[in-house]
Structures are given as structure tokens and as C-alpha cells.
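Heads up: the structure comes next, in C-alpha cells.
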Amino acid sequence: MAAQDLIRTKKIGFLGVGNLGQAVLRGFLDSGLVLPKNVLISSRTERKLAKVAEEFNVQAVKTNEELIDGSDVVIIGVKPQDLYLAIEPIASSFHEDHVVMSLAAGISLESLEELMPDVKKILRVMPNTAANVKKSVVAYSASDACSPHLNWIEELLSTIGVVVPVEDGDMMEALVVAASSGIGFVYELMIYWQEWLEERGIDRETAKLVTVNVFAGASAMASSAPNTSFEELQRKVTSLKGVTAAGLDSMRELEIERALRISFEKAALRDKSLGDSWLKSN
């Protein structure tokens, strides 16, 4: 059976429907591969559960056990600090035929396997909220038992963006920071862009429009030249002793690269500490 046809047969349960879970759900449904009638959702917050069920036209269930029983694929969308308390009491509800995907930052594949010993096909999946617009980077690490199923699993994940398989550990940690947290870092830069334009008299709406299109334009140019390095792309838009060169010289003197690297490393330490704290408390 073709991967897309196989996906259409799957019942998919979302255990927790926070911002990231909703972004993934929206991407799945918008693709047309996942039908609303095949989606179950659960949440400890009744108001959120009802709201999401109505917005996406999917089925809300009262308990996590009910969701697991009715699903072939279970996507765990709870916060890392809540994952143990949410899953440990119901771990025996899972069986070896389930495919389980965890969206929890910091919780290693090994820890997930220990928490759900009956689950053989388990993945740690790290998308970002750009899944809403099908532009996410979707990093994943998978247990060995997933190998025969990766064709349709990757097809499913590709509905929300670019799929990047990595080894769990340092590589996954790097993708969590650069791709998932990276969205927030880019917004921080965009805030500075917009504020500077506003300080020069540009109205707020226009300043935002300009900022969005500068970042989108740079990304589009890079995407259209996959074999050209960022350094070469930068050289093509920089005239010797010109305006761009003056600004770049200042950025380098101010060690912007060093500041960004420190920010990345601090985020990576936080990702690691989430996993360490989870292990110590459980």
C-alpha cells in the first residue's frame, strides 16, 4: 500500500493539544492525508478540549485511556514537566502495535522507552510552530522497530515541513535549539528590525511589512540557490565599502556571532536540564 493511502487508514490521537500540538494537527488536516474523522484529542483542560474539537472538527474524548484505545498513532503533546505524570499511570494501555510520537523537549528516546516499555515503535519528534504554515523543520529520532514504517511516518511528518532524521542526543539537542527555539530567536531579530524602522519615522504596520519581507526575501534567495553558501550569497549583496559592508563590519566588531552562539548554548543547556530534571524526579 502506498504511504499516503496507508496514512489515510490510521487513527491518530493527540494526547494534549497545546500550541505545538495544534500546529501539528492543523498541518496534518490541511494536507488532506489526515481526515478529521480519524483524529481523537484529549486534554486535562475541558474548555480547551471543547474549543479545539470544535475548531478542527475532530473528536474529543474524556480520558487518555480512551484516546489510546482508539488510536493507531499517538502524539504526546504535553509539556516535558507534565509528561511523566500524564503517561506513567496509563503506560500499560499502550501495546506493541502503537506508533507513539513525543513532542516533549528534553526527554530522550531512551527515557521514553523506559516510561512506555510495551511500545516498540516510538519516536522523539521536534517540529516547530511553523507547522501551522507547513514550513516547520521536523527533526526526529526513532527506535529500531520504526525502521519498516519510516516511509509513511516521514510522509506524514512532511505534511508540516522539512523532515530531518537525526540521532538522539547532541544532534537532536542542536535541532531543538536551532529549529524549534530558533523561531523565537528569529522573531527577536525581527523585533529589532521593526523598532529601528519605527524610530526613523516608519509607521508600525509598514515597518512590520518591510521586516517580514526582508527576512522572507533572504530565505527565498537562499532556497533558490541550494548549492550556494550563505557566505557567497552575502558577498553577492555586499559592495566593497558600501552601505551593507559598513553595517556588517559593525556587526562583526560587536561580536554578534559570539552573542548568538552563547544564546544557542544556553538554550541547549536548558534543553538538557529538562531531561536531567525529568530523570531525577522520576
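The values are calculated or read from the model by the stated rules, or taken from the named source; none is laboratory data. For clarity, every value in this text was computed on a predicted model and none was experimentally measured. In this analysis, Cβ positions are derived from the backbone assuming ideal geometry, glycine residues included, and neighbour counts consider all displayed protein chains.
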### Query
Between residues in segment 245-264 that are surrounded by fewer than 10 Cβ atoms within 10 Å (Cβ to Cβ) and residues that are assigned to a helix (DSSP H, G or I), which pairs lie under 6 Å by C-beta distance while being six or more apart or on different chains?
none
#### Entry: Flag for Ala130 being in a helix (DSSP H, G or I) and without any contact (Cβ under 8 Å) to a residue 40 or more places away in the chain
no
## Note on the structure
Expected output for segment 60-88 (first residue under 14 Å from Ser43 (Cβ atoms), partner aliphatic (A, V, I, L, M) and surrounded by fewer than 14 Cβ atoms within 10 Å (Cβ to Cβ), Cβ below 7 Å, 6+ apart or cross-chain) is Ala60/Ala50
### Message
Among the residues that make up segment 172-192, is at least one of them among the β-branched types (Val, Ile, Thr) and assigned to a strand (DSSP E or B)?
### Response
no
### Task
Hey, can you tell me all the residues within segment 7-21 that are under 16 Å from Val73 (Cα atoms) and either among the acidic types (Asp, Glu) or not in a strand (DSSP E or B) (or both)?
Ile7, Arg8, Thr9, Lys10, Lys11, Gly16, Val17, Gly21
### Query
If a residue has to be within 16 Å of Gly247 (Cβ to Cβ) and surrounded by 13 or more Cβ atoms within 10 Å (Cβ to Cβ) to count, how many in segment 196-209 make the cut?
1
### Message
Take Pro89 and tell me if it is at pLDDT below 95 and assigned to a loop (DSSP other than H, G, I, E, B).
### Response
no
### Message
Residues to consider are Asn57, Asn38; find the one that is touching a residue at least 12 places away in the same chain (Cβ under 8 Å), farther than 19 Å from Pro89 by Cβ and surrounded by fewer than 17 Cβ atoms within 10 Å (Cβ to Cβ).
### Response
Asn57
#### Entry: segment 36-48: number of residues that are modelled with pLDDT under 95 and more than 21 Å from the chain's Cα centre (by Cα)
4
### Task
Run Lys135 past the list (1) farther than 26 Å from Gln22 by Cα; (2) within 21 Å of the chain's Cα centre (by Cα); (3) of a type in the set (Lys, Arg) and report the number of the one that doesn't hold.
(1)
### Message
Being of a type in the set (D, E, K, R) and in a helix (DSSP H, G or I) is the filter here; which residues of segment 133-168 pass it?
### Response
Asp144, Glu154, Glu155
### Task
Might you let me know whether segment 41-55 holds any residue that is among the hydroxyl-bearing types (Ser, Thr, Tyr) and closer than 21 Å to Val133 by Cα?
no
